[in-house]
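One structure is given here, and the rest of the page talks about it.
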Amino acid sequence: MIIRKIEPQGYCNGVKRALNIVNKTLEDKNIKRPIYLLGQIIHNKHVVNEFIKKGVIVIEDKNKTRLELLDEINEGTVIFSAHGVSPLVYKKAKEKGLNIVDATCGYVQVIQKKIENHLNDGYDVIYIGTKKHPEVEGVLGISDKIHFVSSILDIDSLNIKNNNIYCTNQTTLSIFDINDIFSKLKTKYPNIKIDDKICDATTVRQMAMLNQEKADLCIVVGDPQSSNTKKLFNVSNELAKVKTILCEDLNTLDKSELKNIKSVNISSGASTPSYIVDEIIDYLKTIG
Ligand code: F3S
């Protein structure tokens, strides 16, 4: 079997930074205990479970916002995840007297700042993202005046009279889908200021997926909750037209898909540990 690793692999800079911050917090004996993670630090259960083993308490409930989850923390240190939180979460954590450690990715911080600045300058802001994603929740918490677009169909119902419109987006969207949304917005609002903020790690990986060599199968390794991982799957399947499967790790790899396969490409999300990809490659070598 021919096995090709689609580069780049491994953590993006935002994930590396977030994991370093948690590790340093754990090592610092002077930091107030207990240490809580508000939601998953990054979308990967293997990484999160390692931190739980080291004593971190993860507060997570898919049906609750980060603001609601904070109700469960009354002492110690709270770590905000790489996806960022809204100003309301910051304020509430401070009011509760919690020690705050912020692992928000720099890309997300820039977007939040730019949206705040444009709102202060009198712009209407359009933000494109995925419903219920924590990064989106953090951004939409900046102001209830932000117009949220989760699909191209939402543009029809926008009714903005302001001539000054600023539009930006979640960092891990599809670089291909977003152009259609931008084009439709430009047609409807010719003066719109568009600020594409899909991050470099997402862009480079999606381009690599598009340009992958033909193979019988492509395996995308990553957590099903990870936005950038899901987009890699879509690009491979729908645009590169390579049959693609998604798995979290070797245990969840659907082995029945490997029958009669002569060539496999392997990619992974920006929050997938390298050792998980290596375990899958080692397994493929044993059956090849
Ligand atoms: Fe940041 Fe992009 Fe990684 S937003 S956490 S650099 S996938």
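Report the FRET efficiency, 1/(1 + (r/R0)^6), for E60 and N120, where r is their Cβ-Cβ distance and R0 is 35 Å, rounded to 0.05.
In this case the efficiency is close to 0.60.
Excluding residues fewer than 8 places away in the same chain, name every one of the lysines whose C-alpha is closer than 20 Å to that of K32.
The qualifying lysines are K24, K53, K54, K91, K92, K94, K96.
Distance cut-off 27 Å, Cα to Cα: go down the list K132/K241; K145/K230; K29/K114; K114/K184 and report the pairs above it.
Violating the 27 Å limit, Cα to Cα: K132/K241; K145/K230; K29/K114.
List the equivalent ellipsoid semi-axes of region 156-288 in whole Å, largest first, each obtained as the square root of 5λ for an eigenvalue λ of the Cα gyration tensor.
37, 14, 11
Which residues make up the longest stretch of the chain clear of GluC sites (Glu not before Pro) that lie in a DSSP loop with no more than 15 other Cβ atoms within 10 Å, not counting the sites?
Free of exposed loop sites, the longest segment is 76-212.
Quick one: with all protein chains in place, what share of the accessible area of the chain is carbon or sulfur, to the nearest percent (1.4 Å probe)?
50 percent
Can you tell me the relative contact order of region 124-258? Whole percent, Cα pairs under 8 Å, sequence separation 6 or more.
20 percent
Net charge near T272: determine it from the other residues with C-beta under 10 Å of the C-beta of T272, scoring Lys and Arg +1 and Asp and Glu -1.
Charge balance in the 10 Å sphere: -3.
Quote the relative contact order of the chain in percent (integer), defining contacts as alpha-carbon pairs under 8 Å separated by 6+ residues.
Contact order relative to length: 22 percent.
Output the peptides 267-275, 159-167 sorted from most to least packed, where packing is the average of other Cβ atoms within 10 Å over each peptide's residues.
267-275, 159-167
If you wrap a convex hull around the Cα atoms of the chain, how much volume per residue is inside, in Å³?
132 Å³
Mean-square fluctuation check for the chain, GNM, Cα pairs under 10 Å: which of L88, L232, L173 is largest?
Comparing L88, L232, L173 in the GNM, the peak value goes to L88.
Between the DSSP loop rule and a limit of at most 15 other Cβ atoms within 10 Å, which trypsin sites (Lys or Arg not before Pro) in region 1-85 are left?
Counting only loop positions with at most 15 other Cβ atoms within 10 Å, the trypsin sites (Lys or Arg not before Pro) in region 1-85 are K29, K32, K54, K62, K64.
The values are calculated or read from the model by the stated rules, or taken from the named source; none is laboratory data. Computed from a predicted model, the values in this text were never measured in an experiment. Note that each Cβ is placed from the backbone with ideal geometry, even for glycine, and that neighbours are counted across all protein chains shown. Just so you know, the surface numbers come from the protein's heavy atoms only, side chains and all, with ligands and any DNA or RNA stripped out. Shrake-Rupley method; radii C 1.70, N 1.55, O 1.52, S 1.80 Å.
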